[in-house]
Amino acid sequence: MKPVLIIMMITCLLSCIPDSENTTYSVSYRKDEPAPTTGIKSFMGEELPRKQLSERVRKKYEKNLEKAENDLYENPTKLDPIIWYGRRLAYLGRYQKAIDAYSNGLKRYPASYQLMRHRGHCYIITRQIGQAIDDFELAVFHSTGVKNAIEPDGIPNILNKPLRNNKFNIWYHFGFAYYLSGRFDKAVAAYKRCMDFSDNDDLLVATSYWLYLSAKRIGNDEMAAKALKNVSTSMKLIENTKYFDLILLFKGAKKVEELLRKAEDKNGLLNPTLAYGIGNWYLQNGQVDDARNIFWKTLEHPNWDAFGYIATEADIQNMATSVD
């Protein structure tokens with residue numbers, strides 16, 4: 001028998017976008033060391049630690065942030081420097097400061113779907129799901145009729161080839177925000193719309209994965225099966241190989257033991273993306289205890305900003321009040 005999950009509904013204050021287009025964008029340029037803790041709390045109410053980065057990566061990201069600060073200083077009223085300043089803060093794990101940067105930018109550009117999309121992403125990571133949904137609703141509205149375009153990568157892939165486009169990013173994150181809120185019917189609708197902008201194999205695989213999980217949560221096995229059919233072994237992937245492996249698991253083309261070995265690193269930690277998918281496979285096969293165990297083990301990983309980690313937190317909360 002499939003487990004029945006009682007969905008956690010997260011109530012948040014609506015975010016407000018000031019209506020003044022003449023507000024001057026300003027930012028502090030002090031190079032203060034980040035606080036030891038983030039002020040960000042998990043869905044279980046525990047404060048999350050600072051983002052872990054290697055010394056090499058941290059220095060690289062800080063150098064990029066310094067450049068973004070200088071660009072913003074020289075062009076304080078242009079949109080792109082505001083966006084990149086927020087993105088560079090986020091890559092360092094300074095998500096609340098990134099939210100503040102995007103919010104300040106929206107004072108000057110209240111119709112910027114790009115600022116809304118990026119702020120919504122940070123709201124997801126900071127577990128402010130209601131605000132994220134509000135931002136993506138507005139991003140959809142303000143991007144309607146706008147020509148779609150590739151969104152530049154802040155952290156390039158191995159081929160240095162940007163794969164995502166603006167409208168994909170809006171709908172993909174919109175779907176995930178709905179997924180976390182337990183509104184799986186809305187998540188399905190968002191991911192189906194996201195399919196219209198999933199114009200390469202990597203995007204198609206990512207969207208198909210979350211559409212599959214969302215359809216299974218509402219008991220629509222036919223739609224879930226159709227989502228899996230979008231993915232074939234002939235696909236050539238650059239980034240989303242983990243989602244691809246998980247889809248093959250759901251299709252029965254990979255064994256769970258194989259992915260468990262792949263998910264575990266040398267320290268015994270589980271990759272959140274793979275572990276969350278495996279946990280869902282357990283749930284779908286009635287192995288609730290195995291799912292619960294792998295979900296808790298997933299939370300030992302330091303990458304609490306990974307989507308698999310965030311979804312794991314939400315499911316643990318749901319399972320705490322589930323009825324078999």
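The values are calculated or read from the model by the stated rules, or taken from the named source; none is laboratory data. The structure presented is a predicted model; accordingly, all values stated were derived computationally and were not measured. Heads up, the Cβs are rebuilt from the backbone with ideal geometry, glycines too, and the neighbour counts pull from every protein chain shown. Heavy atoms of the whole protein, side chains included, go into the accessibility calculation; ligands, DNA and RNA do not. Shrake-Rupley method; radii C 1.70, N 1.55, O 1.52, S 1.80 Å.
What to note about this one:
- Cβ-Cβ under 7 Å pairs, at least 6 apart or on other chains, region 134-151 side under 18 Å from Ala190 (Cα atoms) and outside any loop (DSSP other than H, G, I, E, B), far side open to solvent by 40 Å² or more (accessible area, probe 1.4 Å) and at pLDDT below 95: Asp134/Leu14
- Pairs where the first residue, in region 160-185, is free of Cβ contacts under 8 Å to residues at least 60 places away in the same chain and open to solvent by less than 10 Å² (accessible area, probe 1.4 Å) and the second is outside any helix (DSSP H, G or I) and hydroxyl-bearing (Ser, Thr, Tyr), C-beta under 9 Å, 6+ apart: Phe168/Ser198
- A single entry from Lys262, Lys266 fulfils the requirement of being assigned to a loop (DSSP other than H, G, I, E, B), more than 21 Å from Leu180 (Cα to Cα), among the charged types (D, E, K, R) and open to solvent by 70 Å² or more (accessible area, probe 1.4 Å): Lys266.
- Thr37 fulfils the conditions (1) modelled with pLDDT of 95 or more; (2) in contact with a strand residue (DSSP E or B) (Cβ under 6 Å, 6 or more places away or on another chain) except for a single criterion, (1).
- Lone unmet requirement of (1) open to solvent by less than 60 Å² (accessible area, probe 1.4 Å); (2) over 22 Å from the mean Cα position of the chain (by Cα); (3) closer than 26 Å to Thr207 by Cβ; (4) among the small types (Gly, Ala, Ser) for Gly286: (3)
- Taken together, Lys242, Lys254 contain a single residue that is assigned to a helix (DSSP H, G or I), basic (Lys, Arg) and surrounded by 15 or more Cβ atoms within 10 Å (Cβ to Cβ), which is Lys242.
- Among the residues examined, His173 qualifies as closer than 18 Å to Asn240 by Cβ and at pLDDT 95 or above.
- Checking every residue in region 52-73 against the condition of being at pLDDT below 95 and either open to solvent by 70 Å² or more (accessible area, probe 1.4 Å) or touching a Ser or Thr at 6+ places or on another chain (Cβ under 8 Å) (or both) gives at least one match.
- Pick from region 269-283, criterion assigned to a helix (DSSP H, G or I) and open to solvent by 30 Å² or more (accessible area, probe 1.4 Å), ranking: nearest to Gly219 (Cα to Cα): Trp281
- Residue list for region 81-137, filter: of a type in the set (Lys, Arg) and open to solvent by less than 30 Å² (accessible area, probe 1.4 Å): Arg87, Arg117, Arg119, Arg127
- Going through (1) surrounded by 18 or more Cβ atoms within 10 Å (Cβ to Cβ); (2) modelled with pLDDT of 70 or more; (3) among the hydrophobic types (A, V, I, L, M, F, W, C); (4) outside any helix (DSSP H, G or I) one by one, Met8 falls short only on (2).
- Single condition Ala224 does not satisfy, out of (1) more than 30 Å from Glu47 (Cβ to Cβ); (2) at pLDDT below 95; (3) part of a helix (DSSP H, G or I): (2)
- Meets criteria (open to solvent by less than 40 Å² (accessible area, probe 1.4 Å) and farther than 29 Å from Ser232 by Cβ) for Leu248: no
- Note on region 289-315: residues that are open to solvent by less than 40 Å² (accessible area, probe 1.4 Å) and either more than 18 Å from the chain's Cα centre (by Cα) or of a type in the set (D, E, K, R) (or both) total 5.
- Test set (1) among the aliphatic types (A, V, I, L, M); (2) in contact with a strand residue (DSSP E or B) (Cβ under 8 Å, 6 or more places away or on another chain); (3) not in a helix (DSSP H, G or I) - Ile294 fails condition number: (3)
- Search result, residues across region 194-221 that are open to solvent by 50 Å² or more (accessible area, probe 1.4 Å) and outside any loop (DSSP other than H, G, I, E, B): Asp196, Asp201, Lys216, Arg217, Asp221
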